[in-house]
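**Student:** I have a structure I would like to understand better, so I am pasting it below and will then ask my questions one at a time.
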Amino acid sequence: MNFFEVFELPRRLAVDGDELQRRFYALARRTHPDFHQAAPPAERAAVEERAALVNVAYRTLRDPIARVDYLVRLEEGRTTKEGSESRPKAPPALLAEMFEIQETLAEAKAGPLDPAGRAALTEQREALLARSADAEARLRGPLAARWDAASDAERPAAFCALKEALATRAYLRTVIADLAEVLGEEESGVAHHRH
């Protein structure tokens, strides 16, 4: 049973949050282990398993980005993040563009940053945060709507657009985390030398 089926929802990216929450509470009440204390162990175990599924399904579907990620895995016949044959790859143009930032990061990890280098990395991080937010906005809005409205013939292109935006966001988040780590290490290094 997939997460959409748990809540008897169509496999679409447009989900009414209030309706999802209502269905979650109704299911959570029915599957709460406290109501099944007197049941035989096997039945209690099944109820606990069902309750765990309801919780994970709810956490996934209430978050628009997690919902897209789950739908992509579902469409590819994967229900977990592990074992992905086709890990979403960032677009080549983005990789080429990030090459310079990656070089700067490698230098920053090798030695202390001067103020100009720090300022440049901070500026790059801000720009990448904005781009990551833009990728998220596209996933939540136009790309999700395009998928839901797509005919059979349009589905493959709509699916590719979802995957590319997910991969772009994931890659940007990795670079942003690397930048934050370098900037953070530098700050702690500076603080350490002051003592």
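**Student:** Answer yes or no: is there a residue in region 29-47 that is in contact with a helix residue (DSSP H, G or I) (Cβ under 7 Å, 6 or more places away or on another chain), part of a helix (DSSP H, G or I) and modelled with pLDDT of 85 or more.
**Tutor:** So far as region 29-47 goes, no, none of its residues is in contact with a helix residue (DSSP H, G or I) (Cβ under 7 Å, 6 or more places away or on another chain), part of a helix (DSSP H, G or I) and modelled with pLDDT of 85 or more.
**Student:** Also, I was wondering about something else. Look at region 61-83 and say how many of its residues are modelled with pLDDT under 80 and either out of contact with any helix residue (DSSP H, G or I) (no Cβ under 8 Å at 6 or more places or on another chain) or more than 13 Å from LEU166 (Cβ to Cβ) (or both).
**Tutor:** So the answer is 5.
**Student:** How do the pairs read when you match residues in region 58-71 that are touching a residue at least 12 places away in the same chain (Cβ under 8 Å) with residues anywhere that are assigned to a helix (DSSP H, G or I) and open to solvent by 40 Å² or more (accessible area, probe 1.4 Å), using Cβ under 6 Å and keeping only pairs 6 or more apart or on different chains?
**Tutor:** Close Cβ pairs satisfying both conditions: PRO64/ARG140.
**Student:** Something else now. Does ALA108 count as at pLDDT 95 or above and in contact with a helix residue (DSSP H, G or I) (Cβ under 7 Å, 6 or more places away or on another chain)?
**Tutor:** Numbers: at pLDDT 95 or above: no; in contact with a helix residue (DSSP H, G or I) (Cβ under 7 Å, 6 or more places away or on another chain): yes.
Taking the combined requirement at face value, the residue does not satisfy it.
**Student:** Restricting the search to region 130-165, which residues are open to solvent by less than 70 Å² (accessible area, probe 1.4 Å), among the charged types (D, E, K, R) and within 14 Å of ALA14 (Cα to Cα)?
**Tutor:** ASP148
**Student:** Can you tell me how many residues within region 7-31 are open to solvent by 30 Å² or more (accessible area, probe 1.4 Å), in contact (Cβ under 8 Å) with a residue 24 or more places away in the chain and under 19 Å from LEU139 (Cα atoms)?
**Tutor:** Residues that pass the stated criteria total 5.
**Student:** For PHE4, are the conditions met, namely being crowded, with 17+ Cβ neighbours inside 10 Å and either at pLDDT below 95 or closer than 23 Å to ARG138 by Cα (or both)? Don't jump to the end; show me each part of the working.
**Tutor:** Values: crowded, with 17+ Cβ neighbours inside 10 Å: yes; either at pLDDT below 95 or closer than 23 Å to ARG138 by Cα (or both): yes.
Taking the combined requirement at face value, the residue satisfies it.
**Student:** Now for a separate question. Residue under question is THR168, and the condition is that it be among the β-branched types (Val, Ile, Thr), within 30 Å of ARG12 (Cβ to Cβ) and assigned to a helix (DSSP H, G or I); does it hold?
**Tutor:** So THR168 fits the description; yes.
The values are calculated or read from the model by the stated rules, or taken from the named source; none is laboratory data. Nothing here was measured: the structure is a model prediction, and the numbers come from that model. Glycine gets a Cβ as well: all are built from the backbone with ideal geometry, and neighbour counts include every protein chain shown. Ligands, DNA and RNA are excluded from the accessible area calculation, which covers all protein heavy atoms including side chains. Shrake-Rupley method; radii C 1.70, N 1.55, O 1.52, S 1.80 Å.
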